[in-house]
Structure formats: C-alpha cells, structure tokens
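The values are calculated or read from the model by the stated rules, or taken from the named source; none is laboratory data. Note that the structure is predicted; figures quoted are calculated from it, not measured. Please note: Cβ atoms are built from the backbone with ideal geometry, for glycine as well, and neighbour counts cover all protein chains shown.
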Amino acid sequence: MTQPFVRPDVRAFLDMLNGLNGPKSHEVGPEQARGMMHASRKLFDQEVGELAVIRDLAGGPCPMRLFDARCERGPGPVLVFYHGGGFVLGDLDTHASACAEIARLIDFPVVSVDYRLAPEHPFPAGVEDSIAATRWVADSPAELGRKVTGLIPCGDSAGGNFAIVATLALRDEPAAVPVVAQWPIYPAANPTEGYPSFTDFGEGYLLTREGMDWFDQCYAPDRKDWRYDPLHQDQRGMPPTLVVTASLDPIRDQGRAYAAACAQAGVSVIYLEAEGTIHGFLNLRKALPSAQADLERCIAHLKLLVA
C-alpha cells in the first residue's frame with residue numbers, strides 16, 4: 001500500500017496517541033475502559049455548549065436524552081442517535097457534544113439512545129433496545145413533547161450498525177411514522193467479511209484489530225444473524241441514505257460496501273468519505289479541528305436527502 005494522505009491535525013494527534021505508554025482499552029476490562037473513554041472525551045472533544053433543550057427522557061424502553069435547538073417546535077422529523085463504542089463503551093455523556101452540535105446544525109430534535117452494553121448484556125440486547133427506542137419515539141410520547149412525523153436513524157461505528165438494523169426492522173415492520181432517511185457514520189455494516197482496510201489501517205490509526213477483536217468477544221454475536229451483519233439482508237426499499245466513512249479507518253470498506261449495496265438495490269444514497277482522517281472523528285473535534293467541517297458537510301447533505 002502506498003502511503004495514504006493524512007491531514008496535518010490527524011498526523012499530530014496520531015503521533016501523540018501512538019507515543020503514549022499506558023494500557024489500551026482492550027487490556028483493562030470494560031469498566032476501566034469506559035472510564036478511559038470519559039476521560040479522553042474531556043481532552044479531545046468539544047464542550048457540549050449551550051442548547052435550548054437538553055433533558056433526559058423517562059418512560060421509554062431504555063434511558064434516552066433529548067437535544068433540541070428550540071424550546072418548542074411544530075410537527076417534524078426526529079433524528080434518533082445510537083452511540084458508538086464497539087457495543088461495549090459509550091453512553092449519553094460520551095456523545096453529548098456530538099448530539100448537541102448535530103441538533104444545532106440540522107435544526108431537528110435529536111434523541112440519543114442509551115442502550116444496554118456488552119459484555120454484561122451481549123447481543124442482541126443493545127440492538128433490541130435501539131429498535132424499541134426508535135418505535136417509542138415514533139409514537140410521539142408525551143414525555144418527548146414533540147409531534148414526530150418521521151424518523152432519521154443515525155449512529156457512529158457500532159451505532160452505525162444499529163442505525164442500519166433499526167431502519168431495516170422498521171422497513172419490514174413499520175412504526176407509527178416512516179423512516180425518512182438514515183445516516184450511518186463509519187458503520188460496522190458488514191462485520192463478518194474481511195476487507196483490505198482492516199489490514200491496511202488496523203494498527204496505528206486509533207481503532208485497532210486487537211481492540212475490535214475484544215469488542216467482538218464481549219458482544220458475542222450470532223454471526224449469521226442479520227441484526228449483527230445487516231448486509232445479510234436485501235437493502236431494497238430502504239429510505240434515502242447518507243453513508244459516511246473515514247479514509248484511514250480499518251472498517252472503512254464496510255461502509256463502502258454498504259453504500260454500494262444500497263445503490264445496487266435502487267436506494268437513493270449519498271456516499272461521503274472524509275479523506276485523511278480516522279475512525280471516531282465525530283467525537284474528536286477539539287483534537288481534530290478539521291472534523292468540524294466534516295460534520296457540517298454531512299449535515300448539508302443530510303438536509304438535501306430529508307428535503
């Protein structure tokens with residue numbers, strides 16, 4: 001492989017990260033790894049900042065949090081967000097900054113889903129929570145305080161997997177309102193297949209082969225179940241789709257394959273690859289200033305799909 005293009009801010013971040021001598025997340029166990037993720041958020045991600053509404057929601061199938069740039073609004077779509085973290089890490093707080101910024105940029109309510117995590121709750125607990133939470137939002141419950149007319153499932157990494165799976169589930173058994181678009185961000189879309197990017201970027205680019213193997217052991221999925229590998233399903237009839245990848249990501253090719261499968265199935269799809277950056281850039285906007293423009297570009301294209 002020829003040397004890939006790496007943005008200057010990404011190069012500086014990787015040099016710093018790869019020079020650290022401490023243990024890796026997969027070496028310390030789930031609880032400590034979750035604490036490490038929270039600590040790194042304060043160092044590498046932007047503050048949540050001001051927003052008209054940030055409040056936890058009660059009454060749903062799992063904890064959720066509403067982010068909205070407006071205190072009140074008329075009927076409209078809601079973006080349902082499933083956080084990344086390899087099905088093992090992450091929660092409402094680790095992705096609060098990203099959700100708040102998405103809410104500001106797109107001017108739709110964003111509901112973040114705090115699904116159960118492995119290994120305490122292995123496959124399919126987390127994805128079942130995510131599907132149930134999306135159906136709950138579709139019903140416009142009083143706790144939400146919003147009249148929902150459509151859904152936009154969205155998530156990063158493992159959450160990108162959940163976004164696709166939830167959209168497939170609601171395609172086959174519709175909720176109270178339609179899914180108007182989906183937005184998987186560097187998704188684990190086809191984890192049972194091997195791709196060149198897994199080898200090319202599996203070491204030295206933040207997300208590693210060893211880390212991914214540990215996530216998979218914790219999650220303990222049924223590898224034949226489409227709720228783990230959504231490319232086992234035909235994608236025909238899926239809503240307009242925005243697929244986003246990072247060029248230096250070991251699971252980049254899974255996102256590419258998913259975008260291609262959507263196009264081959266006749267789905268209206270936009271594919272964006274963030275050149276010269278890494279997996280997780282959505283949560284690294286303080287460490288990687290260039291990631292803000294990536295997010296804004298994504299939102300601009302998502303608005304076109306929803307419109």
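At-a-glance table
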item: Meets criteria (within 22 Å of residue 89 (Cβ to Cβ), at pLDDT 95 or above and touching an Asp or Glu at 6+ places or on another chain (Cβ under 9 Å)) for residue 230; result: no
item: Residue within the range 174-185 that is within 23 Å of residue 27 (Cβ to Cβ) and assigned to a loop (DSSP other than H, G, I, E, B) present; result: no
item: Residue match in the range 148-161 (condition: modelled with pLDDT of 95 or more, polar (S, T, N, Q) and buried (at least 19 other Cβ atoms within 10 Å of the Cβ)); result: yes
item: The range 197-222, subset in a helix (DSSP H, G or I) and of a type in the set (Gly, Ala, Ser), residue surrounded by the fewest Cβ atoms within 10 Å (Cβ to Cβ); result: 211
item: Pairs with Cβ under 7 Å, 6+ apart, first in the range 139-156 and without any contact (Cβ under 8 Å) to a residue 12 or more places away in the chain, second hydroxyl-bearing (Ser, Thr, Tyr); result: none
item: Hits in the range 140-173 - residues which are in a loop (DSSP other than H, G, I, E, B) and more than 11 Å from the chain's Cα centre (by Cα); result: 140, 141, 142, 143, 144, 145, 146, 147, 173
item: Considering residues of the range 70-89 that are of a type in the set (A, V, I, L, M) and within 15 Å of residue 131 (Cα to Cα) only, the residue nearest to the chain's Cα centre (by Cα); result: 80
item: Number of positions in the range 120-179 that are over 24 Å from residue 54 (Cα atoms) and charged (D, E, K, R); result: 5
item: First in the range 206-220 and at pLDDT 95 or above, second anywhere and assigned to a helix (DSSP H, G or I), Cβ under 6 Å, 6 or more apart; result: 210/26; 211/26; 214/26
item: Single condition residue 100 does not satisfy, out of (1) under 23 Å from residue 307 (Cα atoms); (2) without any contact (Cβ under 8 Å) to a residue 12 or more places away in the chain; (3) hydrophobic (A, V, I, L, M, F, W, C); result: (2)
item: Boolean, residue 255 is over 19 Å from the mean Cα position of the chain (by Cα) and modelled with pLDDT of 95 or more; result: no
